[in-house]
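All remarks here apply to the structure that follows.
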Amino acid sequence: MTNILTIAKRELRGYFSSPVAFVFIVIFLLLAGFFTFMVAGFFQRGEASLTTFFTWHPWLYLFLVPAVGMRMWSEERRQGTIELLLTMPITPWQAITGKFLASWVVVGIALALTFPVVMTVNHLGNPDNGVILGGYIGSFLMAGAYLAITAMTSAMTRNQVVSFIVAVVLSLFLILAGYPPVTNMLVSWASPWLVDGIAAFSVMTHFESIQKGVLDSRDLLYFLSVIGFCLFTTSIIIRAHRAG
Amino acid sequence: MIQVRELKKHFGPKVAVNGISFTVERGEVLGFLGPNGAGKSTTMRMVTGFIPPTDGSITIGGHDMLEDPIPAKRLIGYLPENAPSYTDMSVQAFLEFSGELRGLSGDGLKRAVGRAIEMCFLENVRHQSVETLSKGYRHRTCFAQSIIHDPDVLILDEPTDGLDPNQKHEVRTLIRRMGEKKAIIFSTHILEEVEAVCSRAVIIDRGSIVANGTPRELKLRSEQAGAVTLRLVDGNAAEVSAKVRQVAGVDRVTVVSERPLAVRAFPQKNAGSDDVARAIGELAFKERWALQGLQVEEGRLDEVFRSITLPDTKKK
Ligand SMILES: Nc1ncnc2c1ncn2[C@@H]1O[C@H](COP(=O)(O)OP(=O)(O)OP(=O)(O)O)[C@@H](O)[C@H]1O
Ligand SMILES: [Mg+2]
């Protein structure tokens with residue numbers, strides 16, 4: 001546990017000593033604000049809810065989260081520091097977890113900094129704050145899933161750009177599998193249960209269900225298993241890479 | 001402390017290490033020599049637990065590196081080739097991080113970092129970011145990381161690479177001093193370093209150990225070892241070498257240089273170098289040659305290295 005914290009602390013320091021974390025947070029806040037207020041017409045809708053705010057998160061994360069996570073392992077490989085890290089008296093699992101948690105904290109900070117939106121809706125009306133909390137939890141879990149995917153892709157290559165692109169593509173799959181325009185199209189030539197089955201693998205399906213304010217254990221389980229699966233794959237990739 | 005048995009590593013069809021065995025006890029400094037691509041770094045990476053071997057076993061202080069890596073790794077300090085370090089950290093922060101992963105904390109950590117900074121002469125760059133350090137300083141920072149927990153076992157892959165002559169000297173002194181209480185393996189391409197630091201050296205070529213012994217023993221394998229070199233202020237090369245050849249126990253004589261004159265006498269198989277040297281000395285005295293020097297050659301490591309690792313046709 002101490003080792004995980006030590007590694008997470010170092011990573012966080014790395015994020016904040018380079019512009020990565022700041023750039024991510026600022027851009028996330030700007031874009032979240034832009035989509036919520038300008039594109040979706042938050043004020044015009046006259047509802048006291050954050051639906052317009054959360055709707056955009058899967059798409060915002062699609063590009064921003066891989067940008068945060070892409071250096072996680074590729075940079076270690078490029079600099080050769082992975083050789084130092086993995087010859088320390090720690091398990092690879094501790095290193096993987098520590099690094100993942102640090103990046104998740106960065107995204108968490110950005111998400112927490114959107115609190116003015118919550119204050120705004122509470123000022124303007126009487127929103128269901130339980131639903132809002134659900135939205136935040138879902139959004140945070142979804143970011144975790146994207147980050148775990150990025151951790152996996154960054155372990156595959158020493159090139160950050162490649163790791164970014166592969167992570168975006170994989171995440172896009174996870175979105176589209178449950179994105180209504182796509183599922184509606186699929187229904188026309190595949191049986192509905194197949195489409196539903198595919199959609200069950202999508203972050204969209206589970207994010208939307210959490211957003212409704214009911215924290216179903218199946219949705220929680222979904223995000224945690226995506227994270228667990230991707231981090232496990234990361235450990236296999238790292239082991240395979242070491243074995244040569 | 002370090003026991004390595006029949007270590008093998010294949011990268012696809014390529015055999016990088018092919019059955020290497022050795023042991024290093026406390027108080028020993030083992031030097032790894034060998035041409036580029038011989039498998040020195042690969043061997044070290046396996047010993048430190050970074051890459052798993054294809055076959056063979058590694059035991060560090062009684063702990064099996066493959067079965068029980070954490071306690072084995074705890075005993076090791078490692079300086080990888082090219083001395084990587086986290087460039088976004090300051091020297092001090094980097095050393096603190098390494099110390100923490102080594103299980104140090106609080107006052108103990110502070111003391112360890114101070115000691116490592118002092119030993120590696122990093123005082124004046126302590127708060128500088130590693131990114132902005134010169135190559136030599138980066139190397140020393142990574143070296144400092146390897147000794148932060150005062151480990152029993154030190155594995156150093158080219159520890160003097162990129163250092164200036166003064167620092168090379170300091171690091172050698174440091175390795176020799178630490179070698180009294182630790183088990184150390186280090187690789188180098190600088191042969192004088194082996195003589196200055198190692199208690200034992202192995203020459204690795206194409207994945208196998210091709211020579212193993214103290215630097216002195218290795219030097220004796222040199223063709224020159226035991227030859228007697230006579231240097232004169234002046235004299236006729238043909239005349240002098242003809243006379244030297246008559247000396248009892250001399251097999252053959254070569255002229256090393258004409259001016260100043262230097263001839264080298266190779267003793268016969270059963271003749272002692274010292275006796276030959278004494279006889280040549282007496283000859284020089286009798287002939288009233290203007291003697292500049294008379295010396296029994298110890299042999300040269302670079303010659304041994306070359307004759308062992310070059311697949312040369314003369315030898316065959
Ligand atoms: N990850 C890898 N994949 C494939 N081949 C590798 C890998 N690592 C090392 N090799 C090969 O193994 C051989 C031994 O390499 P190694 O780095 O151990 O040599 P070395 O003795 O340290 O050489 P040098 O003196 O240049 O540092 C080389 O031929 C190298 O190309
Ligand atoms: Mg090497």
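Please list, in chain and number order, the residues 5+ apart from residue B:256 or on another chain whose amide H is under 5 Å from its amide H, with Hs placed from the backbone.
Long-range HN contacts for residue B:256: B:262, B:263, B:264.
Mind checking which of A:203, A:193, A:65 is farthest towards the positive end of chain A's charge dipole, using Cβ charges of +1 (Lys, Arg) and -1 (Asp, Glu) about the Cα centre?
A:65
Residues with amide H under 5 Å of residue B:51's amide H, sequence separation 5 or more or different chain, H placed in the peptide plane at 1.01 Å from N; which?
B:46
If I take R0 = 51 Å and measure r between the Cβ atoms of residue A:133 and residue B:132 in this structure, what FRET efficiency does the formula 1/(1 + (r/R0)^6) give, to the nearest 0.05?
0.70
Comparing B:73, B:110, B:219, which has the greatest mean-square fluctuation in the GNM of chain B with Cα pairs linked when under 10 Å apart?
With Cα springs under 10 Å in chain B, the top fluctuation among B:73, B:110, B:219 is at B:110.
May I ask you to evaluate 6.51 cos²θ - 1.76 cosθ + 1.60, the Karplus curve with θ = phi - 60°, for each residue of the stretch A:188-197 and list the ³J(HN,Hα) values in order in whole Hz, giving x for glycine and proline?
The phi angles translate into 5, 10, 9, 5, x, 5, 5, 4, 5, x Hz.
Work out the charge dipole of the protein assembly as shown with +1 on the Cβ of Lys and Arg and -1 on the Cβ of Asp and Glu about the Cα centre, then indicate which of A:180, B:218, A:101 is farthest towards its positive end.
B:218
State, as an integer percentage, the relative contact order of chain B based on alpha-carbon contacts under 8 Å between residues 6 or more apart.
19
Sort largest first and round to whole Å: the equivalent ellipsoid semi-axes of the stretch A:11-149, each the square root of five times a Cα gyration tensor eigenvalue.
Equivalent-ellipsoid dimensions as semi-axes: 35, 14, 11 Å.
Set the Förster radius R0 to 41 Å, insert the Cβ-Cβ distance between residue A:229 and residue B:212 as r into 1/(1 + (r/R0)^6), and round the FRET efficiency to 0.05.
My answer for the efficiency is 0.25.
For peptide B:85-91, how many partner chain Cβ atoms fall within 10 Å of a residue's Cβ, on average?
Mean shielding by partner chains, rounded to a whole number: 5.
If r is the Cβ-Cβ distance from residue A:126 to residue B:110 and R0 is 60 Å, what FRET efficiency results, to the nearest 0.05?
It comes to 0.65.
How high is the relative contact order of the stretch B:228-297? Use alpha-carbon pairs under 8 Å, at least six apart in sequence, and give a whole percent.
Relative contact order for the stretch B:228-297 comes out at 44 percent.
With charges only on Cβ, +1 for K and R and -1 for D and E, what is the dipole size of chain B about its Cα centre, in debye, rounded to 20?
Roughly 580 debye for chain B.
From the helices alone, meaning DSSP H stretches of at least four residues, give me the mean residue ellipticity at 222 nm for the protein assembly as shown, per-run term -39500 (n - 2.57), in deg cm²/dmol to the nearest 500.
Value at 222 nm, helices only, nearest 500: -17000 deg cm²/dmol.
Report the label-to-label distance for residue B:224 and residue A:18 in nanometres (one decimal), using points 7 Å from each Cα along the Cα→Cβ vector.
5.0
Please report the spacing between the Cα centers of the stretch A:76-139 and the stretch B:179-210 in Å, no decimals.
One Cα centre to the other: 48 Å.
Got the relative contact order for chain A handy, in percent, Cα pairs under 8 Å and 6 or more residues apart?
On the way: 289 pairs, mean separation 61.5, N = 244.
Over chain A, the number comes to 25 percent.
Normalised radius of gyration for the stretch A:102-213, please: alpha carbon Rg relative to 2.2 N^0.38 Å, two decimal places.
Details: Rg = 16.9 Å, N = 112, 2.2 N^0.38 = 13.2 Å.
Expressed relative to 2.2 N^0.38 Å, the Cα Rg reads 1.28.
Using a simple spin-label model with points 7 Å from Cα along the Cα→Cβ vector, what separation in nm is obtained for residue B:121 and residue B:70?
Distance between the two pseudo-spin positions: 3.9 nm.
Considering only B:17, B:3, B:246, whose Cα is most displaced toward the positive end of the charge dipole of chain B, charges sitting on Cβ of Lys, Arg (+1) and Asp, Glu (-1)?
Checking the options against the dipole of chain B, the answer is B:246.
Looking only at other chains, what is the average number of their beta-carbon atoms within 10 angstrom of each beta-carbon in A:73-85? Could the numbers behind the result be given before it?
On the way: counts 0, 0, 3, 2, 0, 1, 6, 7, 7, 3, 11, 16, 6.
Mean shielding count: 5.
State to the nearest 20 debye the size of the charge dipole of the stretch A:2-243 about its Cα centre, where the only charges are +1 on K and R beta carbons and -1 on D and E beta carbons.
Dipole of the stretch A:2-243, to the nearest 20 debye: 740 debye.
Rule-of-thumb check for the protein assembly as shown: C-alpha Rg over 2.2 N^0.38 Å?
Working it through for the protein assembly as shown, the quotient is 1.36.
Return one number: the angle in degrees, 0 to 90 and rounded to the nearest 10, between the long axis of the Cα atoms of helix B:91-101 and the longest principal axis of the Cα atoms of chain B.
The angle comes out near 70 degrees.
Using the Cα centre of the protein assembly as shown as the reference point, and only Cβ charges (+1 on K/R, -1 on D/E), how large is the resulting charge dipole? Debye, rounded to the nearest 20.
Taking the Cα centre of the protein assembly as shown as origin, the dipole is about 900 debye.
Please give the helix B:165-178 orientation as an angle from the longest Cα principal axis of chain B, in degrees from 0 to 90, rounded to the nearest 10.
The answer is roughly 80 degrees.
Values quoted throughout were computed directly from the atomic coordinates according to the rules given, and no laboratory measurement underlies them. The shown structure was predicted, so the numbers you read here are calculated from the model rather than taken from an experiment. Cβ: placed from backbone, ideal geometry, glycine included. Neighbour counts: every protein chain shown.
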